Amino acid sequence: HGYRHVNLSTLSRAEIKEEIMKAHEALKEVTGATPTLIRTPNGDYNDEVIKGAEECGYTVIQWTVDSLDWMNPGAATIAERVIKRVKPGSIILMHASDTCKQTTEALPVILKELKKQGYKFVTVSELFEMGEAK
């Protein structure tokens, strides 16, 4: 996501790389894992962002289903929106923050229904390995 929540396309390639690598080091220190995927803040990117990320050893990913949970439209609305739009290989955008107050109520509904429909939940890395990422 970058070190700060800024639109990376507004930065120079050097600044983009600095944002990515600052976050990289912080995540590596806290988790012990070496991240290789980045979903840019606000989904904002351009060719410079992609090139800068690749130079840092990252792949830029995006979502295919936006829950719009940050708008707090109601848990049922969030769940319905996601369930209607999911297809095999979908990446669902949801937020874990204090401002998204209905996500925790919507998520169990989404998971239950999608499991019922036969969906399996995997990490984005696993999705790439399966050749399912869209």
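Pairs linking a residue in segment 24-40 that is of a type outside the set (A, V, I, L, M) to a residue that is in a strand (DSSP E or B) and surrounded by 13 or more Cβ atoms within 10 Å (Cβ to Cβ), with Cβ atoms under 7 Å and 6 or more positions apart or on different chains, are 36/59; 39/61; 40/60. Once segment 39-50 is narrowed to residues that are open to solvent by less than 30 Å² (accessible area, probe 1.4 Å) and closer than 14 Å to residue 17 by Cβ, the residue that is nearest to the chain's Cα centre (by Cα) is 40.
Beta carbons closer than 6 Å, at least 6 apart along the sequence or on distinct chains, pair a first residue in segment 101-117 that is closer than 20 Å to residue 71 by Cα with a second that is part of a loop (DSSP other than H, G, I, E, B) for 101/72; 102/72; 103/94. For the criterion of being within 17 Å of the chain's Cα centre (by Cα), surrounded by 14 or more Cβ atoms within 10 Å (Cβ to Cβ) and modelled with pLDDT of 95 or more, residue 16 fails. Scanning segment 95-118 for residues that are at pLDDT 95 or above, open to solvent by less than 90 Å² (accessible area, probe 1.4 Å) and on the phi < 0 side of the Ramachandran plot returns 102, 103, 106, 107, 108, 109, 110, 111, 113, 114.
Regarding residue 8, is this residue touching a Ser or Thr at 6+ places or on another chain (Cβ under 7 Å) and not small (Gly, Ala, Ser)? Considered against the rule, which asks whether it is touching a Ser or Thr at 6+ places or on another chain (Cβ under 7 Å) and not small (Gly, Ala, Ser), residue 8 comes out as yes. Among the residues of segment 49-56, is any within 27 Å of residue 107 (Cβ to Cβ) and not polar (S, T, N, Q)? No - not one qualifying residue is present in segment 49-56. Scoring residue 29 on the criteria (1) among the charged types (D, E, K, R); (2) surrounded by fewer than 16 Cβ atoms within 10 Å (Cβ to Cβ); (3) in contact with a helix residue (DSSP H, G or I) (Cβ under 7 Å, 6 or more places away or on another chain) leaves a single failure, condition (3). Taking the criterion of being assigned to a helix (DSSP H, G or I), open to solvent by 50 Å² or more (accessible area, probe 1.4 Å) and hydrophobic (A, V, I, L, M, F, W, C), the residues of segment 51-88 that qualify are 70, 71, 76.
The values are calculated or read from the model by the stated rules, or taken from the named source; none is laboratory data. Since the structure is predicted, the reported quantities are computational estimates derived from the model, not experimental observations. Reconstructed Cβ throughout: ideal geometry from the backbone, glycine too, with neighbour counts over all protein chains shown. Remember, those area values only see protein heavy atoms, side chains included, never the ligands or the DNA or RNA. Shrake-Rupley method; radii C 1.70, N 1.55, O 1.52, S 1.80 Å.
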